[in-house]
Amino acid sequence: MNWQRPITARLPTLANHCFIVGEAKRADVIWSEGDFKALCEHMLNDNPPDYFLSAWIDKASAQARFAKAPRWSRADKRTSWAWDTITGKTKVQTAIGFYPSNAEHKSRWAAIDFDAHNGEYEQARKRSLEAFQLLLEQPQLYLILCASGNGYHLFVYTRELHPVGEWIVLLKQLCEWIGVPIADGTCEIFPNERAESQRTGKAIRAPGTLNPKTGTFSLIEAETVTPSLLATLPRTWSLGVGKVKRSLPRNNTALPLHKSTNTYFLTTHTGSTEPIVETLLARYPIERKGMRNGVLMRLIGDLIHKFGREAAERIVEEHYRRYQPNIGSSLDEHRREFATAWEGMCKKLVDSLSPEERQRFNTLVSEHQREGFLIVRAFAGAAEHGGKRDFEISRASLADRLSITPPGAGDVIRKLCELKVIAQP
């Protein structure tokens, strides 16, 4: 990290900054949603979008679950969901964590977990405060200290990527200086020494997020990232927010989807399908061997109205992995049965279209357009069934459902508008 002097030579200097510690605050009191997303985007370390830790409370067992995110997940969407959890806007609660390394074994951040699993909260707090105060004397570092629910997390950030080995040296020197042994249950460092040889090491939850083990949120004790670091970070995860309404036509050329339902909307506000996916995975458990095929057919029957084939296949694969202990068949057999069932159900769905719907459907030139048509049709039917005049689907959500980019989803919307399947009001 190009320290001016060895870190141990700089640590003894007392801090000139004054921080009031003891009035811990929730993340949404300190940061905006854009700030939180920018911080998480920074923590992704230029890794692929599915390279993050997913953490949640399992509804069936009420147990905390931690796992590397499945291939269908995206860090930006999970970050939005984690923020909605913090702000109380979602019933399905989740958290997000990140890995302090990338394919080049570099990171923009590191962390120390001062554990208090044996009830030694005061000791963990004292150690975290000592470390925080010492690192304040490093002007190239930006810090967040938070109460994690089982102790204290100290996050250390830089603007640029640095080799994992340099981070490890820094953290080990810091722990040695404050007299804390690095050991599970006492003090863990991220990255640890194994991170130099492993692609996926240990991850840690982002500051402020839900702790599934305790059902509480990390509270921010002190931080130096606002505004010095956050104000300069990219905010691509916060782009694309804005509403552009599209509605089904109100004349006789409209698709016969709504009957007495008058107006439907497609909007481009950001949205994530991850809560929907998690709900579906929990709704169709495979509780014992011999149930797989029947459960799979019911799951596919639900997915075909909500997702395109590519996204549905990834969800089915995640469903297989989640319930694998109760499955005797191979994943390849599971995939083959999905493909056969999907094609059969899709054919029945298309065969059920009215003549007017079929005429427009046959005009569509790509699979994504046809899948988008069927998803919009399902939304309209659900709105009518619920007695609603309006329904909303975001461009970002449609992109997730079709496994395409938001601009690609915008193209699908424009095509449906051209064919008067949906129309600007």
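What do you reckon, is SER352 closer than 24 Å to SER73 by Cα, surrounded by fewer than 19 Cβ atoms within 10 Å (Cβ to Cβ), of a type in the set (S, T, N, Q) and out of contact with any Asp or Glu (no Cβ under 6 Å at 6 or more places or on another chain)? Here the answer is no, as SER352 does not meet what is asked. Within the stretch 217-232, restricting attention to residues that are among the hydroxyl-bearing types (Ser, Thr, Tyr) and more than 17 Å from PHE114 (Cα to Cα), the residue that is surrounded by the fewest Cβ atoms within 10 Å (Cβ to Cβ) is THR232.
Only a single criterion out of (1) part of a helix (DSSP H, G or I); (2) within 25 Å of PRO70 (Cβ to Cβ); (3) among the aromatic types (Phe, Trp, Tyr); (4) at pLDDT 90 or above is not satisfied by PHE379, namely (4).
The residues of the stretch 142-160 that are surrounded by 19 or more Cβ atoms within 10 Å (Cβ to Cβ), touching a residue at least 40 places away in the same chain (Cβ under 8 Å) and not β-branched (Val, Ile, Thr), listed by number, are TYR142, LEU143, LEU145, CYS146, ALA147, SER148, GLY149, TYR152, HIS153, LEU154, PHE155, TYR157. Filtering VAL225, VAL241 for residues that are at pLDDT below 90 and among the aliphatic types (A, V, I, L, M) leaves a single hit, VAL241.
Conditions (1) at pLDDT 85 or above; (2) of a type in the set (Ser, Thr, Tyr); (3) open to solvent by less than 20 Å² (accessible area, probe 1.4 Å), marked per residue:
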residue	(1), (2), (3)
TRP31	yes, no, yes
PHE36	yes, no, yes
HIS42	yes, no, yes
ASP46	yes, no, no
PRO49	yes, no, no
PHE52	yes, no, yes
ALA60	no, no, no
PHE66	yes, no, no
ALA69	yes, no, yes
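Within the stretch 91-112, residues that are in contact (Cβ under 8 Å) with a residue 12 or more places away in the chain sit with their Cβ atoms under 6 Å from residues that are in a strand (DSSP E or B) and of a type in the set (Lys, Arg), at 6+ positions apart or across chains, in these pairs: ALA95/ARG205; GLY97/ARG205.
The residues of the stretch 132-152 that are over 15 Å from VAL225 (Cα atoms) and within 28 Å of the chain's Cα centre (by Cα), listed by number, are ALA147, SER148, GLY149, ASN150, GLY151, TYR152.
Scanning the stretch 317-365 for residues that are more than 33 Å from the chain's Cα centre (by Cα) and assigned to a loop (DSSP other than H, G, I, E, B) yields SER352, LEU353, SER354. Taking every residue in the stretch 70-88 that is of a type in the set (D, E, K, R) and pairing it with any residue that is in a loop (DSSP other than H, G, I, E, B), at least 6 positions away or on another chain, the pairs with Cβ-Cβ distances below 6 Å are ARG71/ASP50; ARG74/PRO49; LYS77/SER272; ASP84/THR90. Screening GLU357, GLU333 for residues that are surrounded by 14 or more Cβ atoms within 10 Å (Cβ to Cβ), modelled with pLDDT of 90 or more and among the charged types (D, E, K, R) leaves exactly one candidate, GLU333. Within the stretch 197-216, the set of residues being hydroxyl-bearing (Ser, Thr, Tyr) and open to solvent by 20 Å² or more (accessible area, probe 1.4 Å) comprises SER197, THR200, THR214, THR216.
The values are calculated or read from the model by the stated rules, or taken from the named source; none is laboratory data. Small disclaimer: the values here were computed from a predicted structure and weren't measured. With ideal geometry, Cβ positions are generated from the backbone for all residues, glycine too; neighbour counts draw on all protein chains shown. Ligands, DNA and RNA are stripped out before the accessible areas are found, and what is left, the full protein with its side chains, is counted by its heavy atoms. Shrake-Rupley method; radii C 1.70, N 1.55, O 1.52, S 1.80 Å.
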